[in-house]
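S.K.: Quick one: structure below, then a few questions.
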Amino acid sequence: MDVIVCVKRVPSTTTRVVIGGDRKSIDPTGVEFLLNPYDEFAVEEALKQRDAAGGGTVTAVSFGTAEAQKELRTVLAMGADAALLLQSAQAPLCDGATTARALADAIRGRKFDLLFFGKQAVDMDQHGVGPAVATLLGVPCISEVVHLEVKDGKVTAHREVEGAHEIVEAPLPCAVTAQKGLNEPRYATLKGIMAAKKKPLDVVDASVGEPLVEIVEMKMPPPRAAGKMVGEGPEAVPALVQLLKHEAKVL
Amino acid sequence: MQPFQELDYYALDDLLTEEERMVREQVRSFVDERVLPIVAAHWEAGTYPGELNLEMARLGMFGPAIPEQYGGAGLGAVAYGLICQELERGDSGIRSSASVQGSLVMYPIHAYGSEEQKRAWLPRLASGEVIGCFGLTEPDFGSNPGGMRTRCRRSGAEWILDGRKMWITNGTSAGLALVWAKDEQDVVRGFLVEADRKGFSAPETRHKWSFRCSVTSELVLEGVRVPESGRLPEAQGLKAPLSCLTQARYGIAWGAIGAAQACFDEVRNYTLQRQVFDKPLAGFQLTQEKLADMATEITKAQLLAWRLGQLKERGQATPARVSMAKRNNVHMALQIARSARGLLGANGITLEYHTGRHLCNLETVLTYEGTHEIHTLTIGEAVTGIPAYR
């Protein structure tokens with residue numbers, strides 16, 4: 001079973017983001033970056049499927065800046081066999097379609113049975129790269145998967161949909177985007193971290209086309225307005241209800 | 001609860017390798033996800049979270065510096081220090097458990113054991129299949145271990161051990177005790193004693209208000225027979241057990257930073273949120289002086305630990321150098337815990353906040369592995385050439 005897993009370096013969700021001088025990207029100074037949390041589920045599933053099949057390889061691919069080698073090294077430490085960085089200083093400014101083209105160009109021609117993605121990257125929240133890569137490669141894509149079985153050349157996947165699970169099937173090779181709940185991602189063991197040093201991590205320059213979507217400006221959300229004290233105790237309830245109805249319009 | 005934010009005032013992250021940072025991140029996540037949610041309940045109940053042993057072992061936290069052929073990960077000194085730091089951010093007792101296994105049991109077997117002993121024990125200790133303990137301190141001999149009364153005498157192909165050890169971390173839960181005893185010529189020797197040997201028992205020390213999620217025990221040896229193959233062949237004299245303590249103290253110097261960071265992070269968040277006289281507690285000068293002192297002391301401690309790690313990787317972390325970092329960093333952490341407890345006000349006495357637990361734990365750390373006072377004299381001897389212990 002040969003598996004490719006696409007991963008992204010993103011700012012930690014606990015980081016307090018500051019907009020950079022160009023007003024189009026965040027200032028990376030002092031920001032902690034890590035492997036996109038949804039990609040952890042994708043990596044775990046890739047490793048599990050490889051091991052369940054009794055052999056094969058897991059290759060991690062990332063489209064990003066030179067710094068993304070750190071996240072790829074983490075994936076190698078978790079147990080992937082090889083990693084490929086499609087390096088571009090432009091990567092953080094690229095839209096989903098451009099990112100998908102860069103990934104698809106690199107994956108085309110490589111043999112794979114399964115292609116994993118996190119369902120979204122927590123920085124841009126576009127949800128689009130996985131399905132777009134699958135479309136460019138002409139393979140089926142099942143998104144937001146919470147349970148996966150591979151048997152007899154096909155996958156059966158449970159998708160999370162509004163209030164229910166949808167069960168779908170697709171033939172291999174197939175792309176899957178991972179939702180929380182798919183598995184419990186492993187920690188990289190200390191031995192894994194030592195072993196990762198010796199695993200291949202190839203870096204190639206990625207040629208990227210013109211983005212279809214351009215980031216014009218980034219703005220911080222407006223500061224939250226001060227709260228309003230309606231009153232205290234049960235006697236304040238009618239006034240609160242009136243305000244929720246007519247001012248906040250939530251009732 | 002807000003996610004932990006490490007204080008890195010002097011951008012010391014730049015001094016770490018990518019691999020060292022990765023080790024720290026993995027252990028940090030483990031502590032956030034597996035230790036912190038359960039530690040206060042265990043501490044209150046006075047129980048060790050034994051389920052963590054296998055998880056810590058699987059990650060490679062038992063004997064990470066031991067070479068891979070014996071089940072370790074072959075990590076460098078700084079990476080090992082960072083593991084201790086992150087574990088102790090969780091709890092000093094849990095860090096101690098890993099320290100004892102790695103520095104006080106696996107290290108001496110690796111340093112002083114026969115090839116057979118290394119092959120027999122190290123992989124099982126690394127995997128957590130066997131938990132070990134280290135018996136040096138006695139009821140009447142702590143700072144002066146050379147006075148030990150535990151005896152070993154040769155009887156044919158066996159040794160017979162008699163005596164008592166005290167304040168032994170992991171004692172009751174250990175399957176293997178490394179016991180130090182004097183022979184008939186007063187030479188200190190080390191023995192690997194399986195816990196099921198006749199005459200060996202390890203009653204637990206109860207009613208502690210510190211290290212409540214760590215097992216502390218007495219070891220009782222009454223005519224325990226150990227084969228010659230259970231003696232560490234390369235260990236002769238007090239230097240051998242003292243060298244193990246140097247390893248463990250090195251880890252403690254890092255671990256204390258973790259405890260201090262936990263207190264600092266908690267109290268900084270608290271004082272920023274807590275309103276007093278219509279403004280955040282952190283906005284008062286008395287508070288800021290405390291926070292500024294904490295930040296400065298943590299930064300100094302980080303520099304000591306990092307430099308000591310560099311020296312250790314070059315084989316230059318002498319016992320006297322290790323003493324300075326252990327002494328300074330543990331004292332620093334204890335002072336920060338006390339000061340942070342004060343800033344937390346009444347909240348600081350509950351287990352809902354981590355600071356009080358760290359404060360109680362650090363009272364142990366100040367005393368064990370060489371008391372603060374003994375380390376003072378070690379440094380004193382190093383700078384004057386005059387030993388002043390007696």
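Listed here are the residues, each with its yes/no results for (1) under 27 Å from B:V226 (Cα atoms); (2) in a helix (DSSP H, G or I); (3) more than 19 Å from the chain's Cα centre (by Cα).
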position: B:Y80; (1), (2), (3): no, yes, no
position: B:L87; (1), (2), (3): no, yes, no
position: B:M106; (1), (2), (3): yes, yes, no
position: B:K118; (1), (2), (3): yes, yes, yes
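S.K.: As an exercise: evaluate A:P211 against (1) touching a Ser or Thr at 6+ places or on another chain (Cβ under 6 Å); (2) exposed (fewer than 13 other Cβ atoms within 10 Å of the Cβ) and give the number of the one condition it does not meet.
M.R.: In the conditions (1) touching a Ser or Thr at 6+ places or on another chain (Cβ under 6 Å); (2) exposed (fewer than 13 other Cβ atoms within 10 Å of the Cβ), A:P211 misses (2) alone.
S.K.: While we're on this one: So, A:M229, is that one under 30 Å from B:G76 (Cα atoms) and either within 14 Å of another protein chain (Cβ to nearest Cβ) or not in a strand (DSSP E or B) (or both) or not?
M.R.: no
S.K.: Is it the case, given these coordinates, that A:T177 is closer than 26 Å to A:V146 by Cα and at the interface with chain B (Cβ under 10 Å from one of its Cβ atoms)?
M.R.: no
S.K.: Do you know which residues across segment B:273-291 are part of a helix (DSSP H, G or I) and surrounded by 15 or more Cβ atoms within 10 Å (Cβ to Cβ)?
M.R.: B:L281, B:A282, B:T287, B:K290, B:L291
S.K.: To continue, here is another question. Might you check whether a residue that is polar (S, T, N, Q) and within 20 Å of A:V43 (Cα to Cα) occurs anywhere in segment A:138-149?
M.R.: Within segment A:138-149 (the criterion being polar (S, T, N, Q) and within 20 Å of A:V43 (Cα to Cα)), the answer is yes, since at least one residue qualifies.
S.K.: Right, B:L16: in contact with a Leu (Cβ under 9 Å, 6 or more places away or on another chain), under 30 Å from A:T29 (Cα atoms) and at pLDDT 95 or above or not?
M.R.: It is true that B:L16 is in contact with a Leu (Cβ under 9 Å, 6 or more places away or on another chain), under 30 Å from A:T29 (Cα atoms) and at pLDDT 95 or above.
S.K.: In segment B:313-328, is there at least one residue being buried (at least 21 other Cβ atoms within 10 Å of the Cβ) and touching a Ser or Thr at 6+ places or on another chain (Cβ under 6 Å)?
M.R.: Taking every residue of segment B:313-328 in turn, at least one turns out to be buried (at least 21 other Cβ atoms within 10 Å of the Cβ) and touching a Ser or Thr at 6+ places or on another chain (Cβ under 6 Å).
S.K.: May I pose another question? Quick one: is A:D123 of a type in the set (D, E) and either surrounded by 22 or more Cβ atoms within 10 Å (Cβ to Cβ) or assigned to a helix (DSSP H, G or I) (or both)?
M.R.: So A:D123 fails the test.
S.K.: Another question about this same structure. Filter segment A:126-157 for residues that are of a type in the set (G, A, S) and either surrounded by 13 or more Cβ atoms within 10 Å (Cβ to Cβ) or not assigned by TED's automatic domain parsing to the domain that holds A:A104 (or both) and give the result.
M.R.: Within segment A:126-157, A:G128, A:G130, A:A132, A:A134, A:S143, A:A157 meet the criteria.
S.K.: Also, I was wondering about something else. Looking at B:P64, B:P49, can you tell me which residue is within 13 Å of chain A (Cβ to nearest Cβ) and either over 27 Å from A:E71 (Cβ atoms) or under 18 Å from the mean Cα position of the chain (by Cα) (or both)?
M.R.: B:P64
S.K.: Counting only residues that are in contact with a Lys or Arg (Cβ under 9 Å, 6 or more places away or on another chain) and under 26 Å from A:I215 (Cα atoms), how many does segment A:73-90 have?
M.R.: Total satisfying the criteria: 0.
S.K.: Looking only at segment B:1-10, filter to residues that are modelled with pLDDT under 95 and surrounded by fewer than 17 Cβ atoms within 10 Å (Cβ to Cβ); which one of those is farthest from B:V78 (Cα to Cα)?
M.R.: The selected residue is B:M1.
S.K.: Of all residues being part of a helix (DSSP H, G or I) and either surrounded by 14 or more Cβ atoms within 10 Å (Cβ to Cβ) or among the hydrophobic types (A, V, I, L, M, F, W, C) (or both) in segment B:36-46, which is nearest to the other protein chains (Cβ to nearest Cβ)? Just the residue, please.
M.R.: B:L36
S.K.: OK, next. Name the residue, out of B:E6, B:E33, B:E25, B:E19, that is part of a loop (DSSP other than H, G, I, E, B), of a type in the set (D, E), over 23 Å from B:V105 (Cα atoms) and within 13 Å of another protein chain (Cβ to nearest Cβ).
M.R.: Exactly one residue qualifies, and that residue is B:E6.
S.K.: Would you confirm, using the coordinates I've provided, whether A:E184 is more than 30 Å from B:A77 (Cβ to Cβ), of a type outside the set (A, V, I, L, M), exposed (fewer than 10 other Cβ atoms within 10 Å of the Cβ) and within 14 Å of chain B (Cβ to nearest Cβ)?
M.R.: Considered against the rule, which asks whether it is more than 30 Å from B:A77 (Cβ to Cβ), of a type outside the set (A, V, I, L, M), exposed (fewer than 10 other Cβ atoms within 10 Å of the Cβ) and within 14 Å of chain B (Cβ to nearest Cβ), A:E184 comes out as yes.
S.K.: Right, here's the next one. Scan (1) more than 10 Å from every other protein chain (Cβ to nearest Cβ); (2) touching a Leu at 6+ places or on another chain (Cβ under 7 Å); (3) in a loop (DSSP other than H, G, I, E, B); (4) not aliphatic (A, V, I, L, M) for the single condition B:H110 breaks and write down its number.
M.R.: (3)
S.K.: Looking at A:E40, is it assigned by TED's automatic domain parsing to the domain that holds A:T177, in a helix (DSSP H, G or I), touching a Lys or Arg at 6+ places or on another chain (Cβ under 7 Å) and surrounded by fewer than 24 Cβ atoms within 10 Å (Cβ to Cβ)?
M.R.: Judged against the criteria, A:E40 is not a match.
S.K.: Is it the case that B:A111 is under 22 Å from B:L75 (Cβ atoms) and more than 18 Å from the chain's Cα centre (by Cα)?
M.R.: When the stated conditions are applied, B:A111 passes them.
S.K.: Also: Among the residues in segment A:55-73, are any closer than 23 Å to B:A11 by Cα, within 14 Å of chain B (Cβ to nearest Cβ), aliphatic (A, V, I, L, M) and in a loop (DSSP other than H, G, I, E, B)?
M.R.: Looking for residues that are closer than 23 Å to B:A11 by Cα, within 14 Å of chain B (Cβ to nearest Cβ), aliphatic (A, V, I, L, M) and in a loop (DSSP other than H, G, I, E, B), one finds none in segment A:55-73, hence no.
S.K.: In segment A:187-206, what residues are touching a Pro at 6+ places or on another chain (Cβ under 8 Å) and at pLDDT 95 or above?
M.R.: Answer for segment A:187-206, where residues must be touching a Pro at 6+ places or on another chain (Cβ under 8 Å) and at pLDDT 95 or above: there is none.
S.K.: Among what's in segment B:72-86 and is out of contact with any Gly (no Cβ under 7 Å at 6 or more places or on another chain) and buried (at least 22 other Cβ atoms within 10 Å of the Cβ), pick the residue that is farthest from the other protein chains (Cβ to nearest Cβ).
M.R.: Looking at the filtered set, the residue picked out is B:L82.
S.K.: Moving on to the next point. Only residues that are free of Cβ contacts under 8 Å to residues at least 24 places away in the same chain and among the charged types (D, E, K, R): list them for segment A:14-34, please.
M.R.: Within segment A:14-34, A:R16, A:D22, A:D27, A:E32 qualify.
S.K.: Exactly one condition in (1) touching a strand residue (DSSP E or B) at 6+ places or on another chain (Cβ under 8 Å); (2) closer than 25 Å to B:V322 by Cβ; (3) in a loop (DSSP other than H, G, I, E, B) is false for B:K198; which is it?
M.R.: The failed condition is (2).
S.K.: Another question about this same structure. Which residues, counting only those in segment B:320-347, are among the small types (G, A, S), over 17 Å from the mean Cα position of the chain (by Cα) and over 16 Å from B:L291 (Cα atoms)?
M.R.: B:A320, B:A346
S.K.: Could you tell me whether segment A:210-225 includes any residue that is outside any helix (DSSP H, G or I), within 14 Å of chain B (Cβ to nearest Cβ) and either out of contact with any Lys or Arg (no Cβ under 8 Å at 6 or more places or on another chain) or among the hydrophobic types (A, V, I, L, M, F, W, C) (or both)?
M.R.: No: zero hits.
S.K.: Filter segment A:27-36 down to the residues that are farther than 23 Å from A:V75 by Cβ and surrounded by 12 or more Cβ atoms within 10 Å (Cβ to Cβ) and list them by number.
M.R.: Answer for segment A:27-36, where residues must be farther than 23 Å from A:V75 by Cβ and surrounded by 12 or more Cβ atoms within 10 Å (Cβ to Cβ): just A:D27.
S.K.: To continue, here is another question. For A:E160, state whether it is more than 14 Å from chain B (Cβ to nearest Cβ), on the phi > 0 side of the Ramachandran plot, crowded, with 18+ Cβ neighbours inside 10 Å and not hydroxyl-bearing (S, T, Y).
M.R.: When the stated conditions are applied, A:E160 does not pass them.
The values are calculated or read from the model by the stated rules, or taken from the named source; none is laboratory data. Remember, predicted model here, so these are calculated numbers, not experimental data. Cβ sites come from the backbone with ideal geometry, for glycine too, and all protein chains shown count toward neighbours.
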